[in-house]
Every structure is written in C-alpha cells, then in structure tokens.
Amino acid sequence: MAKPQQTEYTIAYRNVKHPRLEFKTGTLLLVLPKKEQHPEQILAKYEKWIHRKQQTINQALQEAKTKTINKTRTEKELKTLVMQIAFTSQKELSTNINRIYFKKMRTKWASHSRKHNLTINTLLKFLPEDLISYIIYHETAHNIERKHNETFWNLINRKHPDYQAKEENLLAYWFLTQEIANKPEPGKMQRR
C-alpha cells in the first residue's frame, strides 16, 4: 500500500493548552503550546485525519472550477438580504439575534458570539442566495446550541436537510472567493 503524500504545513506556537490542527485556509496549520517540541508526533497521530481533510480540500478545489460567483450583488444588497433572512430565521427558531455586523473575514463565512451577535463575511455577496440563507440560519441556530453536536445538526436538518451538500458547496465557494478577496481593491495601494 502506498504511503499517503506528505502534506506541507506551518507551525504556530501559541498560549494554548492542547495542540490543534487547522485547515481553515486550505493549508495545514499546526497550532502548538509554546513548550511543545515534537510536532512530528502530532502529525503522525493525526495522519489519517490530515489525509482525509486534504482529499476533501482537493475535491473542493476541483468543484470550485465548476462554480460561478454572483458579481452583481452589492454590499448594500447583501446587508438587506441578510437582515431579511435573519428576521425569518429568528422567527423559525424562536430566538433573537442581538446585532449583525459585516466585515471581510479571513477564515470563515460568519460567526456567532455569546452575546447573540452575528458577524457576516462581506464575501457572502458572491454566493447564491440559498447558501446565504443556509449560513444565516446556521449561525442563528447557535443561539440555541453553541456546539456542532447532534442537537445542533438536528436543528439545521429541519430547514436544510441537504446541509451536508451545502457545506461541501461552501467549501468550494470558499476557495473561489479567496481569489477575489486577495486581489487589491482598485485605487488602493498594496502593502508590501
């Protein structure tokens, strides 16, 4: 049996108790406690997980080539759409969102805070409306269940029984939109 291809990675030493592996940007990041001296042991322990994750990313990169993005939606239109979807999602889940913020985010589509605030990545403007709706519902559901556990996914399944396909689509769109996100805006100087 052929040994899996070695995955390139970077290491970040931080004030954390336990090591963790992240693939948020498509590249493996090994986050280690400052005193950890043996990254090879962590990599060996999670080799199968790393290989599966890399396959998923490679598949998403291929899938991204078949997708098209919405280039006509403005940020103002995105904000209006998100507010409408958030209002509906709150009613359906019998919960309340405190505030909604919009900003360009580097590693996720959106986030939910303990204060029931949502932060929405402005790159959502490039996504199809059904995926925007899914993301807002997903984040609103975190008002009820913070963790991605069985209770949470049951909530999601009520409105989005195809949530696994949507998650795969979001990964493909993530890589597609990163090309746009990394381009300098017209009229702005690029820092070197």
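Every read-out reported here was derived from the displayed coordinates using simple, explicitly stated rules and does not represent laboratory data. Please read all numbers here as calculations on a predicted model, not as lab measurements. We place every Cβ from the backbone using ideal geometry, glycine too, and count neighbours over all the protein chains shown.
At q = 0.19, 0.22, 0.23 Å⁻¹, work out log10 I(q)/I(0) for the stretch 34-133 with the Debye formula, treating every Cα as an identical point scatterer and leaving solvent out; two decimals please. Relative scattering, expressed as log10 I(q)/I(0), comes to -0.98, -1.12, -1.17.
Taking packing as the residue-averaged number of other Cβ atoms within 10 angstrom, the listed peptides 118-127, 164-173 run from highest to lowest as 118-127, 164-173.
Using Stokes-Einstein with the Kirkwood hydrodynamic radius over Cα pairs, what translational diffusion coefficient do you get for the stretch 9-64 at 20 °C and a viscosity of 1.002 mPa s, in µm²/s rounded to a whole number?
In µm²/s, the coefficient is 179.
Taking amide hydrogens as placed 1.01 Å from N in the peptide plane, the amide H of I11 sits under 5 Å from those of L30, each at least 5 positions away in sequence or on another chain. Considering all different alpha carbon pairs of the stretch 75-180, the Kirkwood hydrodynamic radius works out to 13.8 Å. When the GluC sites (Glu not before Pro) in the stretch 1-81 are filtered for DSSP coil states and for at most 10 other beta-carbon atoms within 10 Å of their beta-carbon, the remaining sites are E8.
Rounded to the nearest 500, the helix-only mean residue ellipticity at 222 nm of the chain stands at -14500 deg cm²/dmol, with each DSSP H run of n ≥ 4 adding -39,500 (n - 2.57).
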